[in-house]
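The structure appears below as C-alpha cells.
The values are calculated or read from the model by the stated rules, or taken from the named source; none is laboratory data. Quantities reported herein were computed from a predicted structural model and do not represent experimental measurements. Methodologically, a virtual Cβ is constructed for each residue, glycine included, from the backbone with ideal geometry; neighbour enumeration extends over all protein chains shown. For accessibility, only protein heavy atoms count, side chains too; no ligands or nucleic acids. Shrake-Rupley method; radii C 1.70, N 1.55, O 1.52, S 1.80 Å.
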Amino acid sequence: KNNNNAVVVIVVKATDGGDLDTAIAQKEKPPLFPPRFQVLRGSPTPFGATLHDDGVNFAIYSLLQKRITEEIHLDQLTNKTGDVWHVYLKGDFSDMLYGYKFDGEFCPEEGHYYDSSQILLDPYAKAVVSRGEFGVLGPDDDCWSQMAGRIPSVDEFDWEGDLPLAFAQRDLVIYEMHVRGFTRHDSSNTESRGTYLGVVDKLDHLKELGVNCIELMPCHEFNELEYFSYNPVLGDYRLNYWGYSTVNYFSPMSRYASASAHNCGFNAINEFKQLVKEAHKRGIEVLMDVVFNHTAEGNENGPILSFRGVDNSVFYMLAPKGEFYNYSGCGNTFNCNHPVVRRFIVDTLRYWVTEMHVDGFRFDLASILTRGSSLWDSVNVYGNQLEDDVMTTGSPLSSPPLIDMISNDPILRGVKLIAEAWDCGGLYQVGMFPHWGVWSEWNGKYRDTVRQFIKGTDGFSGAFAECLCGSPNLYQEGGRKPWNSINFICAHDGFTLADLVTYNDKHNLANGEDNKDGDSHNNSWNCGQEGEFVSISVKRLRKRQMRNFFLCLMVSQGVPMIHMGDEYGHTKGGNNNTYCHDNHMNYFQWDKKEESSSDFFRFTRLITNFRHECESLGLNDFPTAERLQWHGHVPETPDWSETSRFVAFTMKDSVKGELYIAFNTSHLPVTIMLPERPGYRWDPLVDTSKPAPFDFLSHDVPERELAIKQYAHFLDANLYPMLSYSSIILLLTPDISA
C-alpha cells in the first residue's frame, strides 16, 4: 500500500541462460496473491503504461534477459519482443499505482545495477506518487520515499479548444520563472501559494509587463529533499529548490499542485494543463526548462530509482569499468545519443507538446546532447559503418543523432527549441551549436559583453554594437537569424539585476559552503560601495544602471529574456547561487513590487511594451545600412576605439518613424550632436538619468510638456546633454515650428 493506493509490481527476472523448462515450471506455480487481473501477452509498443478500453498495456526496454512476472508468472516467449518486455492486464485499476522489479546481476564494474529489492519507477510513467507536501520528510524521516507510477485513466480535461499560439520567435519577450517561487511569498495573496494555480492567479501581472512567453524552471518530477541537510548558517535545511535533477521526465512535479499527490497524481497533470490553457488565453506561450543532461540518480553512490535499475549501461555514459562520466557536474551524464535513449527523449518532448500543449523547451547544459554515447557504434547509430570511425565516449559530434531527430521531427521542429550551449565538461558552443536552422541559444556572450560595456569597461564598444544587432558575428554566417539569439542580462544562476549593480563580490555564506560555491567572475559593479547600506548618490547611480541594462535588453535585436523579479529590483543579498533556499531569497515579493518606491517596475513595463510597439526592434533579419546608422558624439562618426564608451545609432521604424538610441557609459557627461533631419525634430522619450516618472515620458506623465520644454534650447540646436552612465531614446517628429 502507498498512500492508500494498491501497487502492482511487475517483475523482470533473469535466469541462468535459456532454461525454458524452468521458466514454464515457475509459470505453473500458484500466484502470490488472489488474481486481480487477467494477464495477456501485451504489445511492445508504445512504451510505458497505456490505457485501452478493457485494460492496460505495459512495455519497458531492458537488455535483461529471460522472463517477466507479476503476481502471476508469465511466459518469457509471449511477453518479450526483442529487448522490450510487455504484458497486457485486464481488471480493476481503480486507485492503482505500479512499478517494476528487475531481478538480474548487480555488477557495477560491468555497468549493471539490477536489484530485485528495489521497486523502480517506470521511465514512461505519466504521474509519480510519493510524498505529499513540498519540503516535508516522508515516513521515518525518509528523504527518498518509495515512488510509484500512476495507472493511466481516461483524460477528461477540457481544453476549451486550446490551440498553439505559434508566435513568431522574433516577437517574443521571455520571462524565466520558478513556479513555487512566483507566488509562495505571503504577499502574493493567492489561495494556492507556490503552485501551478498560483501562477494562474498572477498571469495578468505578466501580461501587464509585456511578457508573451514564460519559461518555467524545471517542472518534471524531482525530489526537493535530494540535498536535504542542516544549514547552520540560517538554522534551516538545504533543499533542491531549483529542481535541476530529474526523477521522471513524463510527470509534472506533483508537489507544485495545490492538491499535491492526491488522486494518484492526476490533479498535478490537470493543474499544469490549466496553467498552460490560461496562459494561452492571455496570449502567453509556455516553455519548459528540461534537464536531459543528467538525472537524480547521481554517481555510483546515488539511489536506484528508475533508469539505473532498468538498464544502467544504456541510460548513462559509462567508462569501461563502469565509472560514470560526469560532463554535467552532477555525478552522471545521460547517454543522450544512444538509440534507445534518444527515442526516449523524443517521446518525452512529443508528449509534453501533444498532451500538455507546451510551446517549446529550453535544454539545460544542451552541449551534452551533442556528445557521443557510450559504446559508440556508427552502424547502430547511422545504419552504416563510417570511415575512420574512432569515437571515444563523450566526444562532440558535428551531427548529433538526437539533435537531428528533434530538428526533423514533424511535431518538434515546429516548437521553440533553445539550447544552453555549454556544459560542465568544458564544451562551449555559443554560436556553434548544431542547429538545423531551428535551434536558438542562450547567448552567454551577449550577457558578458553587455555587462562589461554598461559598467564602463574599455574595449567593448564594437562588441556591444554587435549585441545590439542580434550578434551577427555569432549567427549570420551559419544562416541563422537575430531571433536565434536569446538575449539576457540575468538568469536564475547568478546575480539578480539589482545585485549586479550592488555587489562586486558574491556573498554566498548562507548556502553553508563557506562562500566557495557560485561563480566568482560576475562582471558586476557595485557603483562605488558594496552592499545595500550606501550613500544616496550611489543608490541613484544603481537605479540608473538598472535602467541602462533593461533598456539595452529591450532595444537589442534578438529575443529578450527577463528573470523573475528583476522587473521590480529583487535582491538576493548578493547570493549568486540560491539553488538550496526555499525562502525569501527566491520568492517573488509582491509587496516590494507594489511599493510606491518600485518606480523601476513602471520603467520596465513601459520599455517592454514600447518594444512591442516598434516594428524595428524585433527584425526577422540582421539590420543593414539602409535601416541603421551608427553615430558618435557627432553624427555618422562612430568611435570604435579601445577607449570608447559611447555607442549611438538611428533606426528607421515603419511605426515610430525613426529612433535615436544612445549609451554613454563613461564617468563623464557629454553633449552630443544629433543627426540633421530637415522638417523634423528629435523629441525625448527615455532618459535613464532622470528620476521617475521623467525617465520615460509617457503621455500620462504630469507636467510632461514642461519637462520636454526644458530640453528645448538643446534640441533647437540639434543637441542633447547626456549624464555619465546614462542612455536615451529620442523619437523623430514633424517640426511644426519649421
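Of note:
- All other residues whose Cβ lies under 10 angstrom from that of Glu658 are scored, Lys and Arg at +1 and Asp and Glu at -1, for a net of +3.
- In this structure the amide hydrogen of Ile562, modeled in the peptide plane, comes within under 5 Å of the amide hydrogens of Ile174, Tyr175, Glu176, none closer than 5 places in sequence on its chain.
- Approximating the spin labels as points 7 Å out from Cα along Cα→Cβ, the Ser537-to-Glu355 distance works out to 6.2 nm.
- Pairs of Cα atoms farther than 13 Å apart, the stretch 179-258, %: 71
- FRET efficiency estimate (nearest 0.05) - Cβ-Cβ, Asn299 to Glu133, R0 35 angstrom: 0.75
- Volume of the Cα convex hull of the stretch 620-667, divided per residue and given in Å³: 100
- Virtual spin-label span in nm between Thr733 and Tyr227, 7 Å along Cα→Cβ: 5.1
- Surface composition of the chain: carbon and sulfur make up 51 percent of the accessible area, probe 1.4 Å.
- Karplus (6.51, -1.76, 1.60) ³J(HN,Hα), θ = phi - 60°, over the stretch 471-477, in Hz, Gly and Pro reported as x: 6, x, 4, 9, 10, 5, 5
- HN-Hα J in Hz across the stretch 155-160 - Karplus 6.51, -1.76, 1.60, θ = phi - 60°, x for Gly and Pro: 7, 10, 5, 9, 6, 6
- Estimated inter-spin distance, Ala625 and Arg41, nm [label 7 Å along Cα→Cβ]: 7.3
- Added length on full extension, which subtracts the Cα-Cα distance from 0.36 nm per residue, Glu676 to Asn408: 91.5 nm
- Between Thr457 and Asp95, the FRET efficiency from the beta-carbon distance, with R0 = 45 Å, is close to 0.15.
- Probe 1.4 Å, protein heavy atoms only - accessible area per residue of the chain in square angstrom: 39
- Where only C-alpha atoms are counted, convex hull volume of the chain per residue in Å³: 169
- Full-stretch length increase - Leu719, Trp436 - with 0.36 nm per residue and alpha-carbon distance subtracted: 97.2 nm
- Taken over the stretch 472-620, the percentage of Cα pairs per 10 Å bin, counting from 0 up to the bin with the maximum distance, is 11, 35, 34, 17, 3.
- Partner lysines for Lys80 [C-alpha distance under 22 Å; skip if fewer than 8 residues away on the same chain]: Lys13, Lys27, Lys29, Lys66, Lys90, Lys101
- Other-chain or far-sequence residues with amide H under 5 Å of Asp653's (modelled H): Glu658, Leu659
- Cross-link pairs exceeding 28 Å in C-alpha to C-alpha distance, out of Lys207/Lys690; Lys202/Lys543; Lys593/Lys652; Lys281/Lys445; Lys539/Lys593; Lys455/Lys656, comprise Lys593/Lys652; Lys281/Lys445; Lys455/Lys656.
- Of all DSSP beta bridges confined to the chain, the antiparallel ones make up roughly 65%.
- Solvent-accessible surface (1.4 angstrom probe) belonging to Thr671, in square angstrom, nearest 10: 80
- Scanning residues 5 or more positions from Ala127 or on other chains, those with amide H under 5 Å from its amide H are Arg150, with H placed 1.01 Å from N in the peptide plane.
- The HN-Hα couplings worked out from phi for the stretch 509-526 by the Karplus form 6.51 cos²θ - 1.76 cosθ + 1.60 (θ = phi - 60°) are 4, 4, 6, x, 10, 6, 6, 8, 8, x, 6, 8, 10, 10, 6, 9, 8, 7 Hz, whole numbers, x standing for Gly and Pro.
- Selection among Asn548, His507, Trp525 by position relative to the dipole of the stretch 500-549 gives Asn548 as farthest towards the positive end (Cβ unit charges, Cα centre).
- Over the chain, DSSP H runs of length four or greater, each weighted -39,500 (n - 2.57), average out per residue to a 222 nm ellipticity of -6000 deg cm²/dmol.
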